[in-house]
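The values are calculated or read from the model by the stated rules, or taken from the named source; none is laboratory data. Just so you know, these numbers come straight off a predicted model, no measurement behind them. Cβ: placed from backbone, ideal geometry, glycine included. Neighbour counts: every protein chain shown.
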Amino acid sequence: MPFPPSNLAPYHSLEGVLNTARVRLNDAIQQLSGDILKDSQPFTQQMANSAWLRMQQFLANLGYGRLIDEEVISALPICGNLTDPATQCWIDWTGFYDGTQLWNNYALPQRCSFPLKVWDRASGYNSGWGEPLVNVMDGLPARFKYQRNSLFEWRNDRVYMPGTTIPVDLRVRFAQFFPFFETQGETQWYQQPVPIVGCLDALADYICVEACDGRDDIDSATFKSRAEGEAKLIFNRDVRLKNRSNVRRRPHSGPRNQGGGYGNSGYGGNGGW
């Protein structure tokens with residue numbers, strides 16, 4: 001038996017997820033491709049995409065790490081009005097506004113839903129990022145312009161900042177949602193990979209929820225409960241990874257004042273480790 005290609009991510013195809021949903025909906029009695037939930041039906045793609053968004057929203061609400069990413073936006077221009085403390089700059093998906101004009105070649109990544117943390121640094125020096133910008137909740141103060149922004153505010157789907165006196169690099173850590181499944185070239189929408197590892201069961205049940213809701217099926221609540229439970233199992237992988245740590249128990253045996261971690265001659269000198 002040949003080994004599978006080593007350069008492929010272990011993602012399920014959407015068609016495999018749909019086949020699972022058809023089996024659970026008893027729509028695969030005659031053929032696995034289904035009698036009602038066929039790929040060719042106009043509502044099947046919409047059901048799959050609605051279920052995909054519903055599952056991502058549930059995982060994002062839990063704080064699932066696959067829906068978090070970072071990107072660096074290099075060399076943001078200086079504030080266009082350095083003398084007015086009330087001037088604010090902002091960046092969104094369309095460009096960067098320096099207080100006087102919009103620069104379209106600087107923008108938030110399209111997959112960004114909202115920022116979680118923002119850092120800045122002087123551009124062109126490969127320096128460290130330091131502390132993240134303070135997320136101001138009730139409006140940016142009117143302040144003079146400096147070499148760093150120090151503050152940001154997320155409002156109207158934009159990152160607002162005071163603006164700087166030198167070009168800066170902006171590092172943005174953000175929540176993201178993956179796009180809907182669409183036909184791309186010769187690859188049909190249902191042939192696309194689902195970019196979350198091990199989500200076949202959860203997404204299949206979310207598709208079942210969409211199908212049951214459309215016909216007022218009493219099984220909808222059962223599928224929804226099961227889908228959310230399976231999504232929590234996906235999230236639990238993140239929890240287990242973050243809870244891993246190397247723990248070394250401090251020894252309590254061995255003679256004192258010798259190489260057992262106590263006294264003056266152990267590894268710790270005066271006072272142990």
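Can you tell me which residues in the stretch 74-99 are in a strand (DSSP E or B) and surrounded by fewer than 19 Cβ atoms within 10 Å (Cβ to Cβ)?
Residues satisfying the conditions are Ser74, Ala75.
Collect the residues in the stretch 100-127 that are free of Cβ contacts under 8 Å to residues at least 12 places away in the same chain, polar (S, T, N, Q) and surrounded by 10 or more Cβ atoms within 10 Å (Cβ to Cβ), keeping them in residue-number order.
As a first pass, look at the stretch 100-127 and keep what is free of Cβ contacts under 8 Å to residues at least 12 places away in the same chain: 102, 104-105, 125-127.
Subsequent filtering for residues that are polar (S, T, N, Q) retains 104-105, 126-127.
Across the stretch 100-127, the qualifying residue is only Ser127.
So, of the residues in the stretch 100-110 that are part of a loop (DSSP other than H, G, I, E, B) and of a type outside the set (Gly, Ala, Ser), which turns out to be farthest from Leu67 (Cα to Cα)?
Only one residue tops the list, namely Thr100.
Restricting the search to the stretch 27-57, which residues are in a helix (DSSP H, G or I) and either of a type in the set (S, T, N, Q) or over 14 Å from Ala204 (Cα atoms) (or both)?
Those that are in a helix (DSSP H, G or I) and either of a type in the set (S, T, N, Q) or over 14 Å from Ala204 (Cα atoms) (or both): Pro42, Phe43, Thr44, Gln45, Gln46, Asn49, Ser50, Gln56, Gln57.
Could you please find all residues in the stretch 186-197 being surrounded by 14 or more Cβ atoms within 10 Å (Cβ to Cβ) and under 21 Å from the mean Cα position of the chain (by Cα)?
Correct list: Gln192, Pro193, Val194, Ile196.
Looking at Leu151, is it under 19 Å from the mean Cα position of the chain (by Cα), more than 30 Å from Asn49 (Cα to Cα) and modelled with pLDDT of 95 or more?
Considered against the rule, which asks whether it is under 19 Å from the mean Cα position of the chain (by Cα), more than 30 Å from Asn49 (Cα to Cα) and modelled with pLDDT of 95 or more, Leu151 comes out as no.
Looking at Cys212, is it in contact with a helix residue (DSSP H, G or I) (Cβ under 9 Å, 6 or more places away or on another chain) and crowded, with 22+ Cβ neighbours inside 10 Å?
no
Do we find a residue being within 23 Å of the chain's Cα centre (by Cα), over 21 Å from Leu233 (Cβ atoms) and surrounded by fewer than 19 Cβ atoms within 10 Å (Cβ to Cβ) anywhere in the stretch 48-61?
Yes, that holds for at least one residue.
When the residues of the stretch 111-133 are filtered to those that are part of a loop (DSSP other than H, G, I, E, B) and under 13 Å from Leu76 (Cβ atoms), which remaining residue is modelled with the lowest pLDDT?
The residue in question is Gly124.
Got a number for residues in the stretch 134-166 being acidic (Asp, Glu), assigned to a loop (DSSP other than H, G, I, E, B) and either in contact with a Phe, Trp or Tyr (Cβ under 7 Å, 6 or more places away or on another chain) or touching a residue at least 40 places away in the same chain (Cβ under 8 Å) (or both)?
Result for the stretch 134-166: 1.
Please work out which one of (1) surrounded by 15 or more Cβ atoms within 10 Å (Cβ to Cβ); (2) at pLDDT 95 or above is the condition Glu182 fails and give its number.
All conditions are met except number (1).
Would you pick out the residues in the stretch 167-177 that are of a type in the set (A, V, I, L, M, F, W, C) and assigned to a strand (DSSP E or B)?
Val168, Leu170, Val172, Phe174, Ala175
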